Amino acid sequence: MSYEDEAAIRSRMYLYGFAVDSLRWELFDQVFHAQDLYVRHGDRDPWTDLESLKRDFDTYHKVLTSTQHSITNVICEIDGDRAKSISYGNWRLVRLGAEGGDTWMGQGWYEDELVRTSAGWRIQRRQSRQVWREGNDNVASNTGVKWVHRTSSLQDSEIGRAITPGRG
């Protein structure tokens, strides 16, 4: 595993948060691999194509006053042109004047499988898990896009037990 590969994978994780917070969905083309895509947040049905992922993220996030997604603790295991990664996420969603409260925030992690493409590393499979949340779960409920989360623990995660940091 090279430092350059690790840095490139970390940059995809950070770009994801920036893309969401800036509502720049075209940046998802630099984050996700459109072929055989599988993105699942919590227990909701997965997105399996990039265009519906962009559309639903736009629908959900554009009604919010502001958002902030921070990605940290990126751990990678690289095997040739494939990689697994875990990263921690913190998020805060704000919609001023929302019925039930203005904010929803939480923390969790992303379990990612990446593939090296001619354009660089891209996430092909993503599962997000939540450790905790507080605030108004319905801060953007008027969009029709649902997130279904339950509290999880990394120690119970298959990838959390299987990934070997620094291997590759």
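Would you pick out the residues in region 96-111 that are part of a strand (DSSP E or B) and either in contact with a Ser or Thr (Cβ under 8 Å, 6 or more places away or on another chain) or not aliphatic (A, V, I, L, M) (or both)? Spell out how you get there, then give the answer.
Residues of region 96-111 part of a strand (DSSP E or B): 103-111.
Answer for region 96-111, where residues must be part of a strand (DSSP E or B) and either in contact with a Ser or Thr (Cβ under 8 Å, 6 or more places away or on another chain) or not aliphatic (A, V, I, L, M) (or both): T103, W104, G106, Q107, G108, W109, Y110, E111.
For region 87-115, what are the residues that are hydrophobic (A, V, I, L, M, F, W, C), surrounded by fewer than 21 Cβ atoms within 10 Å (Cβ to Cβ) and over 12 Å from N136 (Cβ atoms)?
So the first thing to find is which residues in region 87-115 are hydrophobic (A, V, I, L, M, F, W, C), and the list is 91, 93-94, 96, 98, 104-105, 109, 114-115.
Subsequent filtering for residues that are surrounded by fewer than 21 Cβ atoms within 10 Å (Cβ to Cβ) retains 91, 94, 96, 105, 115.
Listed by number, the residues that qualify are W91, V115.
Is it the case that some residue within region 17-39 is closer than 15 Å to R125 by Cα, in contact with a Cys (Cβ under 8 Å, 6 or more places away or on another chain) and of a type in the set (A, V, I, L, M, F, W, C)?
The initial filter retains those residues of region 17-39 that are closer than 15 Å to R125 by Cα, namely 28-39.
Of the ones still in play, those that are also in contact with a Cys (Cβ under 8 Å, 6 or more places away or on another chain) are none.
No, there is no match, as no residue in region 17-39 is closer than 15 Å to R125 by Cα, in contact with a Cys (Cβ under 8 Å, 6 or more places away or on another chain) and of a type in the set (A, V, I, L, M, F, W, C).
Here is a list: L114, L93. Which entry is in contact (Cβ under 8 Å) with a residue 40 or more places away in the chain, assigned to a strand (DSSP E or B) and either farther than 14 Å from Y16 by Cα or among the small types (G, A, S) (or both)?
Numbers: L114 fails: either farther than 14 Å from Y16 by Cα or among the small types (G, A, S) (or both).
L93 is the lone residue from the list that is in contact (Cβ under 8 Å) with a residue 40 or more places away in the chain, assigned to a strand (DSSP E or B) and either farther than 14 Å from Y16 by Cα or among the small types (G, A, S) (or both).
Consider only pairs whose beta carbons are under 7 Å apart and that are at least six residues apart or on different chains; among these, list those whose first residue lies in region 5-18 and is in contact (Cβ under 8 Å) with a residue 60 or more places away in the chain and basic (K, R) and whose second residue is surrounded by 21 or more Cβ atoms within 10 Å (Cβ to Cβ) and in a helix (DSSP H, G or I).
If the second residue must be surrounded by 21 or more Cβ atoms within 10 Å (Cβ to Cβ) and in a helix (DSSP H, G or I), the pairs left are R12/V31.
Which members of region 123-168 meet the condition of being modelled with pLDDT of 85 or more and of a type in the set (F, W, Y)?
Scanning region 123-168 gives a single hit, W132.
Need pairs with beta-carbon distance below 6 Å; first residue within 23 Å of V94 (Cβ to Cβ) and within region 33-60, second part of a helix (DSSP H, G or I); sequence gap 6+ or separate chains.
K54/W25; K54/F28; D58/W25; T59/T143; Y60/T143
The values are calculated or read from the model by the stated rules, or taken from the named source; none is laboratory data. Just so we're clear, the structure is a prediction, and the values are computed from it rather than from any experiment. Virtual Cβ from ideal backbone geometry, glycine too; neighbours counted across all protein chains shown.
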